[in-house]
Structure formats: C-alpha cells, structure tokens
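The values are calculated or read from the model by the stated rules, or taken from the named source; none is laboratory data. Everything numeric here is computed off the predicted structure, so don't read it as measured data. Here the Cβ positions follow ideal geometry from the backbone for every residue, glycine too, while neighbour counts run over all protein chains shown. To get the accessible areas, we keep the full protein, side chains included, count just its heavy atoms, and leave off ligands, DNA and RNA. Shrake-Rupley method; radii C 1.70, N 1.55, O 1.52, S 1.80 Å.
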Amino acid sequence: MAKAAIIILAGTDGHENLGRLVNALEAAKEFVETDGDEVDVVFDGAAAQWIPELEDEAHDYHDVYQAVHGEVAVCDYCSKAFGVEDAVLESGVTVLSEYEGHPSIRSMVDDDYEIITF
C-alpha cells in the first residue's frame, strides 16, 4: 500500500506547465485505481488557477481531473491570491488552510505520505 501527496505548483501559462499538470493527474489516477493506495492531490500556489479550467467539461483534461476529483484539495490562501476563490468553492473540492492559510506539508509528512511535486 502506497501513500502519496501529489502537490501541483505549475500555473496555467505555457505548455511546460500543462505537461506538469497532466503528469500529476495521471500519476494521481494510477494511485486511485490501485486498491489500497491513498493519494491526496493538492493544487498550491499558481496551480489553484487550474480548478476553474479543469471544471469546464470542454477542457481536454477534464476527464482525468474528474477521475481524481474526490482526492483534490486546494490551498485556501492561494485560491484567494490568484483570484479563483469563488470557482474553487463552486467546484466542491476541499480547501486547505492548516498552516497560516496554506496546506500543512509537515502534517502530510508526519502522516507518512510521500510528497511528490509537479
């Protein structure tokens, strides 16, 4: 059994960042599809901007996002800082603010999650 926290930091600008996003979602999907594995997918920093884009059914990667949607969380502070707070709330994903408005990476490490960043 594996436990992983996939932290997506890539913003929405540029082909390279799209590649990071897609690789992160595919990795998360593999964990979701493997019995006994646990995965959390955290959109942090500029990556919070992906939520409204991925919620759009016309987005090329909407389906892979939906496959892991139940594991997705977003940084509270960053969703506000990048102007997507309303879209994040509408999406129904978990909003994290355990450490000064941000997700607690330390808590994930303490809970024995492997931290993978994209």
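Structure values in brief
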| item | result |
| --- | --- |
| Listed residue (Val72, Ile51, Val109) projecting farthest to the positive dipole end of the chain, Cβ model | Val109 |
| DSSP loop GluC sites (Glu not before Pro) with at most 12 other Cβ within 10 Å: longest gap in the chain | 1-56 |
| Relative contact order [Cα under 8 Å, 6+ residues apart], the chain, whole percent | 32 |
| Inter-probe distance in nm under a simple model that places probes 7 Å from Cα toward Cβ, at Glu38 and Val22 | 3.1 |
| From the C-alpha gyration tensor of region 66-118, square roots of 5λ in Å | 20, 15, 9 |
| Three-way shape call for the chain based on the alpha-carbon gyration tensor, with the a/c threshold at 1.5 | oblate |
| Share of carbon and sulfur in the accessible heavy-atom surface of region 1-114 [1.4 Å probe, %] | 43 |
| Residue list for region 22-56, given a label point 7 angstrom along the Cα-to-Cβ vector of Asp112 and an amide N cut-off under 13 Å | 37-38 |
| C-alpha center-to-center spacing [region 34-66, region 71-116] in angstrom | 13 |
| Whole-number accessible area per residue in Å² for the chain, which is evaluated in the context of all protein chains at 1.4 Å | 54 |
